[in-house]
Amino acid sequence: MNAVKTLTKSGVMLVALLTMLLLPALAQENPKLSDPEVAHVAVVANQIDIGYAEIALKKSKNQDILKFAETMTNDHTAVIGQASDLAKKLGVTPMENAVSKQLLADAEKTKKELRSKSRKDFDKAYIDNEVAYHKAVIAAVKNLLIPETENAELKALLEKVLPALETHLEHAEMVQKKI
Amino acid sequence: MRERALRIVRTGIVLFLGLIFYVGCSSSTENKKEERKPAPKVHTVEIKQMKFVPAELHVNKGDTVLFINNDLVAHDVTEEPNGSWTSSALQASESWALQVTQSADYYCSLHIVMKGKIIVD
């Protein structure tokens, strides 16, 4: 139970972290995150959820969790594919930055916690984290990444991804109620 | 002379009955034309922004519904609640046609919050 609280807390902290890292950029006239950096944050955010899903597919026996994790793998892989295609088209190389580094570091801690769970506690920990993570990413894409983006096509892709993230959140909340 | 008159009357009766039969038949054909159902139509449901558009579709029995996936991610179209028919996964830009035999609720089994309805009028 405490561990579940820790994971939920980590989702809340992620929102706070993204806000803390990106708000100073928003406060300035020229955005601090360039489009290649925004692209990198977007790719990393998708990779992180694929990483969580890989753990779920190994550890869970619950059909709802397994189906959800499989959908996360497929959808986030599709989004990364679209982002890569767009980057190639625009001649842009996604650029590592403080936000994406911090996201990856935070995700490593969460993955460690998820791996340490017993099978009995894992399903709840995983789905609670998915709810918190999707809330955090939706907030970051909507309020921080989209406003930061200058390229119209990259902005359009981020806007197109939002409904998928919102559907994932709704799906995760449905599974959460059943666990 | 009497025989000739009888032949004329007989021919007249035959012609009269033939005329009645013809009128009867053509009138019955007209009725059948009126009763005939409209030709089957093809309706389109677009899958975009994680929604079936339109989510509710009115059709006639025998019509076809073409589902087109214009979204970023894969979707499917699966009858609810029994899963009695499914499109299987449709990747982006793929489509699938369903010939409608009865009203049905459906959903995307990959994204269980996405739902739609086909109503046979």
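The values are calculated or read from the model by the stated rules, or taken from the named source; none is laboratory data. Every value quoted in this text rests on a predicted model; they were computed, and no experiment measured them. Neighbour counts are summed over all protein chains in view; Cβ atoms, including those assigned to glycine, are modelled from backbone coordinates with ideal geometry. Quick note on the areas: whole protein, heavy atoms, side chains included, nothing else; ligands and nucleic acids left out. Shrake-Rupley method; radii C 1.70, N 1.55, O 1.52, S 1.80 Å.
For region A:19-165, with the dipole built from +1 on Lys and Arg beta-carbon atoms and -1 on Asp and Glu ones, taken about the Cα centre, which of A:Asn143, A:Ala105, A:Ser34 lies farthest toward the positive end?
Value: A:Ala105.
Could you look at region A:58-179 and say what percent of its accessible area is carbon and sulfur, using a 1.4 Å probe and all protein chains?
In region A:58-179, the share of accessible area belonging to carbon and sulfur is 52 percent.
Of the listed pairs A:Lys58/B:Lys117; A:Lys59/A:Lys89; A:Lys89/A:Lys124; A:Lys111/A:Lys160; A:Lys101/A:Lys160, which have alpha-carbon separations greater than 30 Å here?
Violating the 30 Å limit, Cα to Cα: A:Lys58/B:Lys117; A:Lys59/A:Lys89; A:Lys89/A:Lys124.
Residues of region A:53-115: accessible area per residue at 1.4 Å, in Å²?
In whole numbers, region A:53-115 has 55 Å² accessible per residue.
Nearest 100 Å² is fine: what is the total accessible surface buried where chains B and A meet, probe 1.4 Å?
1300 Å²
What is the gain in length, in nm to one decimal, between A:Asn143 and A:Gln47 on full extension, counting 0.36 nm per residue of separation less the C-alpha to C-alpha distance?
The span from A:Asn143 to A:Gln47 would gain 32.5 nm if fully extended.
Counting only the heavy atoms of the protein chains, how much of A:Val161 is accessible to a 1.4 Å probe, in Å² to the nearest 10?
Accessible surface of A:Val161 is approximately 20 Å².
Which residues of region B:71-96 end up with at least 50 Å² less accessible area in the presence of all protein chains than when their chain stands alone, using a 1.4 Å probe?
Flagged in region B:71-96: B:Leu72, B:Val73.
What's the local net charge at A:Ile179, with K and R +1, D and E -1, over the other residues with C-beta under 9 Å away?
0
Only sites in a loop by DSSP and with at most 15 other Cβ atoms within 10 Å count here; which trypsin sites (Lys or Arg not before Pro) in region A:42-73 make the cut?
Taking region A:42-73 and a limit of 15 other Cβ atoms within 10 Å, the loop trypsin sites (Lys or Arg not before Pro) found are A:Lys61.
Would region A:106-148 count as rounded, prolate or oblate if I go by the C-alpha gyration tensor, calling it rounded below 1.5 in a/c and otherwise prolate when a/b exceeds b/c, oblate otherwise?
Numbers: a/c = 6.91, a/b = 2.44, b/c = 2.83.
Here region A:106-148 falls in the oblate category.
Counting only the heavy atoms of the protein chains, how much of A:Thr93 is accessible to a 1.4 Å probe, in Å² to the nearest 10?
That residue has around 110 Å² of solvent-accessible surface.
Do any chymotrypsin sites (Phe, Trp or Tyr not before Pro) in region B:32-119 lie in a loop, going by DSSP, with at most 15 other beta-carbon atoms within 10 Å of their beta carbon, and if so which?
Filter output for region B:32-119: B:Trp85.
Only counting protein heavy atoms at a 1.4 Å probe, give the residues of region A:153-179, ordered by number, whose accessible area falls by 20 Å² or more when the other protein chains are present relative to the chain alone.
By number: A:Lys160, A:Pro163, A:Ala164, A:Thr167, A:Glu170, A:His171, A:Met174.
In debye to the nearest 20, how big a dipole does region A:98-179 give about its Cα centre with +1 on each Lys and Arg Cβ and -1 on each Asp and Glu Cβ? Don't jump to the answer; show the numbers that get you there.
Working: 15 positive and 14 negative charges, 105 e Å.
Value, rounded to 20: 500 debye.
Residues of region B:100-121 losing 10 Å² or more of accessible area relative to the isolated chain, 1.4 Å probe, heavy atoms only?
B:Ser109, B:Leu110, B:His111, B:Ile112, B:Val113
Treat each spin label as a single point 7 Å out from the Cα along the C-beta direction, and report the B:Ala97 to B:Glu56 distance in nm.
Inter-label distance under the simple model: 2.8 nm.
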